[in-house]
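Asker: Sharing a structure below in structure tokens format, with a few things to ask.
The values are calculated or read from the model by the stated rules, or taken from the named source; none is laboratory data. Only a predicted model underlies this, so the values are computations on that prediction, with no experimental measurement involved. Quick reminder, even Gly has a Cβ in these numbers, built from the backbone with ideal geometry, and neighbours come from all protein chains shown. Calculation scope for accessible area: heavy atoms of the full protein, side chains included, ligands and nucleic acids excluded. Shrake-Rupley method; radii C 1.70, N 1.55, O 1.52, S 1.80 Å.
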Amino acid sequence: MVPFTSEHAARGVIYNMTLSPPFDHPQEGYGMAVADLDGDDDLDLVLTGRADGLIGIFENTGSGSFINRSAVAGAGNALSAQGVSAFDHDRDGDLDLLIAQRHHPCRFLRNNGGLSFTDISAASGLGFSAMCTGTSVTDVDGDGRLDLYVCTYLVGTPNRLYRNRGDGTFEEIAAARGVNSVGLSYQSTFADVDADGWPDLAVSNDRGFGNVPNQLWRNLGGTAFLDIGASSGFSVALCSMGMAVGDPDNDLRPDFYFTNVPDPAPPLFGVNPLMLQSGPLAFTQADAAWGVSNQRFSWGTFFFDVDNDADQDLYVNNETFANRLYINPGTPPMVDRAADYSVTGTSGLSFSSVMGDLDRDGDLDMLVNNYGSATRLYINQDGQQRSWLRLRVAGAGKVRDAIGAIATLQPASVGGVVPAPQRRQVLCGGNGYLSQHETMLHFGLGASTGADSITVQWPAGGGSRTLLNLPEGVVWTAYPESRLGDLQGDGVIDVTDWAAMAGFGPGPIAPGREMFDFDGDGDLDSIDAEAFWARAAVRRGDLNGDGIIDGADLGTMLGAWGSSNSTADLNLDGSVGGADLGALLGGWG
């Protein structure tokens, strides 16, 4: 079996990057994103770099084939597109688009639903010009709204941090928070480096040995940032472009990998440094031991578990050489197997790549952009041979993704051996170069049959929950406490929500039922029913929600007597009986 097959044409992804960019020659790449733009639980595509600047919007049909919606989506053109971010700025449940540009004003596009966009750049305050490059998104201050960091590449021009005011506009606060770097910045990412629930900020700077090295700021509870780059050992100086965030050594601490140019000069002699977090907020360079020094002119990069064996592998875009896929055997060194996996790319200059489960079969596919050729869609055929589990971490209300959340999964034992736990973070932009991967968390499980537990920590003081006994081969959703029992996410728990919960009946949860598993034990039972009624806006027994328990409710219950999966099964024991009648009569009138 060929591990990857190139299927862009067969699956409808026809989008050619220009061979001769109109600016910068070669302008250093274009960004792209995989994101669920229409809310139908599959990944759509956002592509940039066409000669006429048309932003590519491709709708996923559900199976990993795509329909080109670019001409009707209203996204328009971006001739010098750089960073691409898809995030829900107005908390309405769909993803808006920011296209940062290097030689033109940034473009901010509000999602109207149905793959239709409206340009609100000027009104939002994001339609600025500043030689922009990479972008990244998180809730910096814990107010429930997503903020934005924009890198710039011009001597003396500081990077920008835009705080989301919550009224559709943004204010620039980089200087006030101390993160107005004046390095030649290509990329940033918000990652919770110390696992304290607050997203920290890492920045990748070009020409760091003569200007500003790579930077790391610790988030101090949402009100300020502390520069810990030097004290932590993070601040290496190199021609730093792309930045990968992951955990290749599987010690539950986020590590970083930076791309570089093959310059033989000290201090790094042209290697791509792998900075392992060897202790709390202490980084050690380990690329030589792990075999990933690369020593090629490289740009995009990211960690992902390509073969679902529970270890994160590493992909690297090389500008004028074949791209590399370093397979992680679990202990160093990694081995480049890009040729064996058929993902070396084309002869064109290779800058950006993104990953996500585009065909929804449980393994991670890739999209690679090369100058002067079609965007390549590589479909993963190898990961299906091993177990997997995918997790969406939901936000409050209608927010689909809790950007910045951390999930720690303990796989089920295999033959009496307990596998090592895995930790992943929900990142939005910055993990790579100019582009955005899917925000779903992907766990390769090898031979394990599922997760004994998953502990989710919501960002910015959002609390935590532990979910138990989740089988493999399933896409699960973890909901915060505030969302439990609220199927619509409208903030009201009423008879409509109870009808859905009772309709599921008691037993193991399945996708779509997770918000009713109050105790997180993997099933629905009387304990969850009690928790539901404790939160509900209606009284137990008010089956029609009219505010009074009377003969109409009694008639409904008697008509359902002895049945299961009924709204009259008030204790969710699987049958309408005397206990339910007693509860109803106890609230009579």
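Each row is one residue, and each column tells you yes or no for (1) part of a strand (DSSP E or B); (2) among the small types (Gly, Ala, Ser); (3) open to solvent by less than 10 Å² (accessible area, probe 1.4 Å).
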| position | (1), (2), (3) |
| --- | --- |
| Glu59 | yes, no, no |
| Val72 | no, no, no |
| Ser85 | yes, yes, yes |
| Arg91 | no, no, no |
| Ala100 | yes, yes, yes |
| Val137 | yes, no, yes |
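Asker: Go through the stretch 21-54 residue by residue and tally those that are open to solvent by 10 Å² or more (accessible area, probe 1.4 Å), in contact (Cβ under 8 Å) with a residue 24 or more places away in the chain and either under 23 Å from Ser347 (Cα atoms) or outside any loop (DSSP other than H, G, I, E, B) (or both).
Answerer: So the answer is 8.
Asker: Name, by its number, the condition in (1) free of Cβ contacts under 8 Å to residues at least 60 places away in the same chain; (2) within 23 Å of Leu43 (Cα to Cα) that does not hold for Asn469.
Answerer: Checking Asn469 against (1) free of Cβ contacts under 8 Å to residues at least 60 places away in the same chain; (2) within 23 Å of Leu43 (Cα to Cα), the one that fails is (2).
Asker: Let me ask something else. Residues of the stretch 530-555 being buried (at least 17 other Cβ atoms within 10 Å of the Cβ), part of a helix (DSSP H, G or I) and not aliphatic (A, V, I, L, M), which ones?
Answerer: Selection gives Phe532, Trp533, Asp553.
Asker: Quick one: which residue in Ile493, Ile527 is without any contact (Cβ under 8 Å) to a residue 60 or more places away in the chain, more than 23 Å from the chain's Cα centre (by Cα) and buried (at least 19 other Cβ atoms within 10 Å of the Cβ)?
Answerer: Exactly one residue qualifies, and that residue is Ile493.
Asker: Looking at the stretch 556-577, which of its residues are among the charged types (D, E, K, R) and surrounded by fewer than 20 Cβ atoms within 10 Å (Cβ to Cβ)?
Answerer: Asp573, the sole residue that qualifies.
Asker: Now a separate question. I need a count of the residues in the stretch 497-524 that are over 17 Å from Pro471 (Cβ atoms) and in contact (Cβ under 8 Å) with a residue 24 or more places away in the chain.
Answerer: Result for the stretch 497-524: 11.
Asker: Output the number of residues of the stretch 313-334 satisfying the condition of being open to solvent by 20 Å² or more (accessible area, probe 1.4 Å) and not hydrophobic (A, V, I, L, M, F, W, C).
Answerer: Residues meeting the conditions: 8.
Condition check ((1) open to solvent by 10 Å² or more (accessible area, probe 1.4 Å); (2) at pLDDT 95 or above; (3) acidic (Asp, Glu)) across all residues:
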{"position": "Asp336", "(1), (2), (3)": "yes, yes, yes"}
{"position": "Asp340", "(1), (2), (3)": "yes, yes, yes"}
{"position": "Asp359", "(1), (2), (3)": "yes, yes, yes"}
{"position": "Asp365", "(1), (2), (3)": "no, yes, yes"}
{"position": "Gly372", "(1), (2), (3)": "yes, no, no"}
{"position": "Asn380", "(1), (2), (3)": "no, yes, no"}
{"position": "Gly383", "(1), (2), (3)": "no, no, no"}
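Asker: Just need a number here: residues in the stretch 288-312 that are farther than 21 Å from Asp365 by Cα and either crowded, with 23+ Cβ neighbours inside 10 Å or at pLDDT below 95 (or both).
Answerer: 5
Asker: Within the stretch 181-215, take every residue that is part of a loop (DSSP other than H, G, I, E, B), among the β-branched types (Val, Ile, Thr) and in contact with a Gly (Cβ under 8 Å, 6 or more places away or on another chain) and give me the one that is nearest to Gly462 (Cα to Cα).
Answerer: Val182
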